Amino acid sequence: MKFFKYLFFLVLLVIVLGSLYIATISLPSKMSLEFETELHPELFQQKIVNFESYPEWLSMMNLENTDARFSNIESAEDATISWQNERFDAINIQNKSIDTDSIIQNFTLKTWLSQSKNKLSWHFSDENEQPIVKLNIENEGSFWQKVDFVLSEESHQENLKSVFAKSLQNLENLIKKEIAVYDIRSIGTVDYGGFYFLHATSASKLDFKKIINKSRPIFKSIENFMTSQNFEITEGRLILLENLYENESNLIFSAGLGTDSQTAIPYEYEILSKQIERGIFLKTQLKGDYINLKEMLQFAQKYIADRGLEINKRQKPVLEFKVSEIHTINPSEWVTNLYIPVFITE
């Protein structure tokens, strides 16, 4: 009988000392993670707020037999996703608030021993032209979470931080794959032109990335000018390739916008105006990123050669940015048209 009495007190002592030890354990209430990327941060935001995309990139859902359950999925705010895996008996994420550059989520993790309610604060920024995805994880760290930590040697916060460090890389790879999709096709010969072109001229090698980078401030400047002068913009952003078939090593190009009416430009503005004469042009269309523009040019040139068309060098090829980065951040949705002037011979 005394043996059981001593054993009881020994077990009680172990429990008391163990509880005191666990009580002294300090779990951080907040952890942070930063992920630098070359992609527009809003592309990450669109995926993180959309729970239906999670099985494609969230690493803790890549285990077999993951059966995700969704609710309120038709509305981004208050949407939830829940599932379980080998580590946790229940996992639940809920969107609480969505702003233009941030998301707040509640992330609940439950094991047989403990449950943690984690607040995830996402922030998406482009600081000094370096896109960054920031994540703050907040958790109170209850007693039973500490017990769970002693047994598993990893806190729930640490688990989430390591999961998202890996998952954000997965997400970047997924986004790159999706935005790399492109299509080039010939629309055929079309009647094009007959408007006035307000522009500024620059030069570059035949490198479309450099040409577009030089054109962006010109576009913005002329858009501001036309808006301030109440000039109607009837043709969106255009680049005229002035000497494409004469000197590709030093390409002269003009970037600007089109309008139907001839306009008088005050002398203090460094903006030129000329007419784009109406004519017959071969229209080739690229749906996708600008990195494919050179391939579109080669595609158009081959089309011209294969069909015996003759280039009309009296007029200039035109790039039209029909759907561009000012309309959508997704490069796979950009639509760029290339117009090459041609003669149609019988």
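Read-outs: derived from the displayed coordinates by stated rules, not from any lab. Here the structure is a predicted model, which is why all the values come from computation and not from measurement. Note: ideal-geometry Cβ built from the backbone for every residue, glycine included; neighbour counts use all protein chains shown.
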### Query
Straight-line reach from residue 47: which lysines have Cα under 21 Å away, leaving out those fewer than 8 places along the same chain?
96, 119, 134, 161, 166, 176, 177
### Query
According to the square roots a ≥ b ≥ c of the eigenvalues of the Cα gyration tensor, what is the shape class of the stretch 216-260, taking rounded for a/c under 1.5, prolate for a/b larger than b/c otherwise, and oblate for the remainder?
prolate
### Query
So which GluC sites (Glu not before Pro) in the stretch 102-138 end up in coil per DSSP with only 16 or fewer other C-beta atoms within 10 Å?
129
## Note on the structure
Expressed in nanometres to one decimal, the distance between label points 7 Å along Cα→Cβ at residue 99 and residue 249 is 5.4
### Query
Arranged from highest to lowest average of other beta-carbon atoms within 10 Å per residue, in what order do the peptides 158-165, 83-90, 192-199, 334-341 appear?
334-341, 192-199, 158-165, 83-90
### Message
Let's test the formula: R0 of 45 Å, r as the Cβ-Cβ distance of residue 75 and residue 291. What FRET efficiency results, to the nearest 0.05?
### Response
0.80
### Query
Do any GluC sites (Glu not before Pro) in the stretch 237-329 lie in a loop, going by DSSP, with at most 13 other beta-carbon atoms within 10 Å of their beta carbon, and if so which?
246, 268, 270, 277
### Query
When the Karplus curve 6.51 cos²θ - 1.76 cosθ + 1.60 is applied with θ = phi - 60°, which whole-Hz ³J(HN,Hα) does each residue of the stretch 319-331 get, with x for Gly and Pro?
9, 10, 8, 5, 10, 10, 5, 7, 9, 8, 7, 8, x
### Summary
Checked the stretch 278-346 against the a/c 1.5 cut and the a/b vs b/c comparison, axes a ≥ b ≥ c from its Cα gyration tensor; verdict prolate
### Query
Counting Lys +1, Arg +1, Asp -1, Glu -1, what net charge surrounds residue 126 among other residues with beta carbon under 10 Å of its beta carbon?
-4
